[in-house]
1. Does Asp323 satisfy being buried (at least 20 other Cβ atoms within 10 Å of the Cβ) and in a helix (DSSP H, G or I)?
2. Could you list, in sequence order, all residues of segment 141-164 that are of a type in the set (Lys, Arg) and over 20 Å from Leu200 (Cα atoms)?
3. Please work out if Ala275 is closer than 29 Å to Val364 by Cα and crowded, with 19+ Cβ neighbours inside 10 Å.
4. Let me confirm something: among Pro559, Pro597, which residue is part of a loop (DSSP other than H, G, I, E, B), touching a residue at least 60 places away in the same chain (Cβ under 8 Å), over 30 Å from the mean Cα position of the chain (by Cα) and surrounded by 14 or more Cβ atoms within 10 Å (Cβ to Cβ)?
5. Quick check: anything in segment 429-437 at pLDDT below 95, over 22 Å from Val271 (Cα atoms), touching a helix residue (DSSP H, G or I) at 6+ places or on another chain (Cβ under 9 Å) and buried (at least 17 other Cβ atoms within 10 Å of the Cβ)?
6. If you check Leu548, Leu494, which single one turns out to be in a helix (DSSP H, G or I) and in contact with a Ser or Thr (Cβ under 8 Å, 6 or more places away or on another chain)?
7. Considering Trp343, Trp349, which residue is under 27 Å from Ser235 (Cα atoms), at pLDDT below 95 and touching a strand residue (DSSP E or B) at 6+ places or on another chain (Cβ under 8 Å)?
8. Search segment 252-272 for residues being among the hydrophobic types (A, V, I, L, M, F, W, C) and in contact with a strand residue (DSSP E or B) (Cβ under 7 Å, 6 or more places away or on another chain), and hand back the single one that is surrounded by the fewest Cβ atoms within 10 Å (Cβ to Cβ).
Amino acid sequence: MLKAYGCVGRFKRDPQATHLERLTIDKACRMAVQESLANRRRSALLQTAEKRQSLKKKKFELVDERTVMTALKDENGQLKTSRNEMERLTVDFYTKLFRSDVPVPRTPTPPPEDEPPILPEEVKYAIRKLKVGTAAGPDNISSELLKAGEDSLYRLLARHFSKYLSEASIPEQWKTSKTILIPKKGDLTDLNNFRPISLLSVVYKLFTKVIVNRLEKQLDNFQPPSQAGFRRNYSCLDHIHALTQVVERHREHQMPLALAFVDYYKAFDSVEINAVLNALASAGVATKYVELIANSNEGTSTTIQLFDKKLSIPIRKGVRQGDTISPKLFSTALEDAMRQLGWDEEHDWEDSTDIRGINIDGKVLTNLRFADDIVLFSSSTTELSSMLNDLDEVGKKIGLKMNVKKTQWMKNRFCDQGKVTLEGRDLQSADANALDGPPSIKEVTSQLKDPKLRAHIFEASIIPAISYGTEVWPDTKKNATALRTSYRALERALIGTTRFERWKKEQRSTDLRQLSQIRDLEEHIQRGKHRWGGHVIRRQDDRWSTRLTHWIPRNIKCPLGRPPTRWTDYFRKNISQPGRHWMTVAQDRAAWRTCGPR
């Protein structure tokens with residue numbers, strides 16, 4: 001590459017060089033630069049793979065230049081290319097986004113009482129839980145630096161943290177963050193297609209981690225079983241399982257079902273701070289912690305740097321991006337708002353004219369939530385429209401606004417043919433969802449000679465992506481064939497062959513597996529399904545995934561003929577112990593392990 005640059009310099013100084021020669025050498029230089037960067041990238045990824053480290057993290061580190069904005073659209077859709085205009089549009093956009101629009105009065109709280117001082121052991125535990133490899137904040141203190149500390153550091157931080165808690169006030173330096181704009185899919189001249197990521201002080205995040213450790217149990221108890229986001233021992237798979245069980249029962253018993261998938265516009269950035277503080281008081285959080293959180297979100301600002309100048313943006317609403325306590329604060333505010341709907345209250349099913357949702361053995365199921373992602377359940381499109389508009393109304397009171405373009409709905413074939421509307425506008429029907437495929441690892445695996453290392457990368461990257469959620473799928477021939485076909489295509493790509501080449505060499509699937517040395521996908525899925533089935537049955541906390549697994553619709557006669565394949569049919573077929581139902585076996589963890597796939 002240096003030789004190419006030298007040639008360019010000589011040609012530019014040579015008065016006899018023709019225009020065509022200059023164009024040719026410029027092109028050769030660009031190609032040499034591209035080839036050098038590609039070789040550097042391949043070499044770095046190969047070394048990372050050989051060390052069995054994260055390829056995703058290394059790919060992010062290899063991005064030498066972040067996406068540079070070349071133009072932005074103004075409010076009228078006109079492109080602006082000057083730096084001053086683009087900076088002005090950015091400041092206006094985020095100032096408007098973080099401006100408080102909904103007045104929410106604070107509810108009175110009792111006088112604050114002193115809370116126990118923070119112990120060095122609490123600081124040590126929080127430091128041990130910090131993630132490594134994350135970017136430092138404006139103070140350039142990284143989590144690795146804190147993890148290298150010893151008891152003297154824990155005592156020092158505990159003393160300062162106790163002072164901040166006692167005064168219900170944090171240092172002003174912690175109220176400033178640095179925001180990086182990460183491009184999403186879509187038109188990159190539209191600021192809506194950028195995700196703002198705030199880099200906060202790691203010491204501040206450590207402090208809020210200590211606080212959230214104290215409040216976690218209290219805030220989790222405030223949440224209903226329908227909220228699975230950012231809760232200990234809950235996962236997104238809980239709600240995926242519950243949703244598939246609802247769809248499965250309604251298909252089997254031919255009952256009408258309508259679902260709405262709610263998407264809020266920049267939910268975490270839009271919720272009003274006073275709404276969060278009122279919700280914390282409703283959850284029974286001590287006044288001292290409420291005042292501390294109020295001070296942490298008062299007078300905050302962030303800086304955005306598009307080019308050379310740092311742009312300061314005041315923040316007047318929203319929970320702080322990247323803060324460890326922010327997910328808890330948002331879900332508490334959302335739950336406090338949704339309680340105004342009265343959907344989860346006890347109902348008299350004999351007088352069910354006013355009851356929303358569906359009846360699950362006498363308990364009403366209206367929604368499932370994972371943080372700000374919500375799915376609503378109903379048996380008619382009219383009721384679903386009413387539920388959506390009611391939810392939108394209470395959401396607006398705390399600053400949340402539904403994204404009409406991304407809020408979608410679907411129904412089964414037994415539901416009525418009506419439309420679902422939000423504020424008088426028809427919502428888009430979500431008949432199919434486009435999913436991202438597994439990550440690309442070809443640029444790494446194509447260079448690896450060690451088949452075991454190549455198989456390790458494949459299993460670490462591809463298998464989790466292709467098998468995600470299969471724990472809750474029914475064991476149908478259609479599902480098994482689709483997965484097997486996709487998996488074999490990926491396996492052929494791994495070793496660099498095609499179906500035609502396999503046919504010419506008369507290779508069978510077993511021969512292909514010996515070459516690739518990867519695990520069998522079907523066995524991996526069976527182990528995951530067996531493990532998940534045991535978890536669901538053994539739970540005692542009355543969450544929806546377990547309740548719906550046991551649910552049999554009452555007073556509804558099944559249609560004639562063989563029912564569709566159920567999720568539980570896999571266990572009835574594969575778990576056989578004389579005189580014992582598979583659910584009884586699942587209650588005994590040791591017995592369940594012995595009867596599962598090896």
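The values are calculated or read from the model by the stated rules, or taken from the named source; none is laboratory data. Computed from a predicted model, the values in this text were never measured in an experiment. Quick reminder, even Gly has a Cβ in these numbers, built from the backbone with ideal geometry, and neighbours come from all protein chains shown.
1. Here the answer is no, as Asp323 does not meet what is asked.
2. Arg155, Arg159, Lys163
3. Judged against the criteria, Ala275 is a match.
4. Just one listed residue meets the conditions, Pro597.
5. No, because not a single residue in segment 429-437 is at pLDDT below 95, over 22 Å from Val271 (Cα atoms), touching a helix residue (DSSP H, G or I) at 6+ places or on another chain (Cβ under 9 Å) and buried (at least 17 other Cβ atoms within 10 Å of the Cβ).
6. On the way: Leu548 fails: in contact with a Ser or Thr (Cβ under 8 Å, 6 or more places away or on another chain).
Result of the check over Leu548, Leu494: Leu494.
7. Unique residue meeting the criteria: Trp343.
8. Filtering segment 252-272 for residues among the hydrophobic types (A, V, I, L, M, F, W, C) gives 255, 257-262, 267-268, 271.
Now narrow it down to the ones that are in contact with a strand residue (DSSP E or B) (Cβ under 7 Å, 6 or more places away or on another chain): 257-262.
Numbers: Leu257: 21, Ala258: 25, Leu259: 21, Ala260: 25, Phe261: 16, Val262: 25.
Only one residue fits best here, namely Phe261.
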